[in-house]
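S.K.: Mind looking over this structure? Questions follow.
The values are calculated or read from the model by the stated rules, or taken from the named source; none is laboratory data. Here the structure is a predicted model, which is why all the values come from computation and not from measurement. Ideal geometry is used to build each Cβ from the backbone, glycine not excepted, and the neighbour counts take in all protein chains shown.
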Amino acid sequence: MEKKLLNKIVCGNSAKEMRRISEESVSLTVTSPPYDDLRNYNNIVSDNLEYYNGYSFPFEPIADHLYRVTQPGGVVVWVVGDAVIKGGETGSSFRQALYFMNLGFKLHDTMIYEKNGCAFPARRDGNRYSQIFEYMFVFSKKTKPRYANLISDKPNRWAGYTHFGKGTVRNKNGELIERNIKPIPEYSPRNNIWKYVTGKNYSTKDKIAFEHPAIFPEQLAEDHILTWSKEGDTVLDPFAGSGTTCKMAKANNRNYIGIEADERYCEISKKRVALVSNKKKE
């Protein structure tokens, strides 16, 4: 690993800066690319952004680097949606997912990030329902995730109760013996649709973060970090934006690498990460 990158926000072109990251050194990537030209990138510090097969960023080279730098069993969480252009959705998210799979990533899960509202709600005289979600594709390199700690916060209605009847199991002689049945736990693992309230004072308390046009909730980044990595792992965000992933990685005792093409957003990221003065202790 290039030491100059570890626990830093790097201002530059992701496709170039990722060359400096050692092979199979990253445990987890949590990122949201600037899909379908929905973000306005001006004053780029390195090369001007160009269109690559319909994407407003060099998708294929970055995906190739993600495969190279990810550890076997490491996870890439790709948060993305599709713009509506000329009356139809672009389908960019699906093309990207297929490209990742062709590289050798396994599509471990197709999760949903559901928002509490929509910038353009459906009208009664319209022809499209309100769009309130983005995909969270969870890719694992070559095999199943090397680490998974599912968040268990879904309340169980029958917590504390046991099933009716008696539990039995056969011993080595084929005889049925009774076994204890554990009571239903208070909470079970959540499902793969994650709902978050977004907006000021919800996505984050950091006012400076909203100088970026497309932040995602700190809780979303933290939930993935806690699920797919452990303390001391390295977490990457090649589209660091306002620095949410890097901030939450630092706050949870992970190393981080952030890369951001826009100088303004790069400075926002650095300021937000600096707010985390002490890492959490278990």
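S.K.: Output the residue which, of all residues in segment 116-129 that are surrounded by fewer than 10 Cβ atoms within 10 Å (Cβ to Cβ) and under 27 Å from the mean Cα position of the chain (by Cα), is farthest from Phe216 (Cα to Cα).
M.R.: It comes out as Tyr129.
S.K.: Can you tell me which residue within segment 70-100, out of those that are touching a residue at least 60 places away in the same chain (Cβ under 8 Å) and in contact with a Leu (Cβ under 7 Å, 6 or more places away or on another chain), is nearest to Ile259 (Cα to Cα)?
M.R.: Of everything passing the filter in segment 70-100, Val76 is nearest to Ile259 (Cα to Cα).
S.K.: While we're here: Do we find that Ile215 is in contact with a helix residue (DSSP H, G or I) (Cβ under 6 Å, 6 or more places away or on another chain), within 30 Å of Met18 (Cβ to Cβ) and at pLDDT below 90 in this structure?
M.R.: Against the criterion (in contact with a helix residue (DSSP H, G or I) (Cβ under 6 Å, 6 or more places away or on another chain), within 30 Å of Met18 (Cβ to Cβ) and at pLDDT below 90), Ile215 qualifies.
S.K.: Pull out all pairs, ordered by first then second residue, where Cβ-Cβ is under 6 Å, the residues are six or more apart or on different chains, the first lies in segment 149-174 and is on the phi < 0 side of the Ramachandran plot and at pLDDT 75 or above, and the second is exposed (fewer than 11 other Cβ atoms within 10 Å of the Cβ) and among the polar types (S, T, N, Q).
M.R.: none
S.K.: Going through Ile184, Ile132 one at a time, which residue ends up being surrounded by 12 or more Cβ atoms within 10 Å (Cβ to Cβ), in contact with a Lys or Arg (Cβ under 8 Å, 6 or more places away or on another chain) and modelled with pLDDT under 95?
M.R.: After ruling out the rest, the residue left standing is Ile132.
The rows are residues; the columns are (1) at pLDDT below 95; (2) hydrophobic (A, V, I, L, M, F, W, C).
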| site | (1), (2) |
| --- | --- |
| Ile193 | no, yes |
| Ser203 | yes, no |
| Ile208 | yes, yes |
| Glu231 | no, no |
| Pro238 | no, no |
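S.K.: Could I ask something else about it? Can you say whether Lys106 is within 30 Å of Glu231 (Cβ to Cβ) and crowded, with 16+ Cβ neighbours inside 10 Å, as far as the supplied structure shows?
M.R.: Yes; evaluated as a whole, the condition is true for this residue.
S.K.: Also, quick follow-up: Restricting attention to segment 10-33, report how many residues are assigned to a loop (DSSP other than H, G, I, E, B) and more than 17 Å from Thr234 (Cα to Cα).
M.R.: 4
S.K.: Assess whether Ser269 counts as being buried (at least 24 other Cβ atoms within 10 Å of the Cβ) and either out of contact with any His (no Cβ under 9 Å at 6 or more places or on another chain) or modelled with pLDDT under 95 (or both).
M.R.: yes
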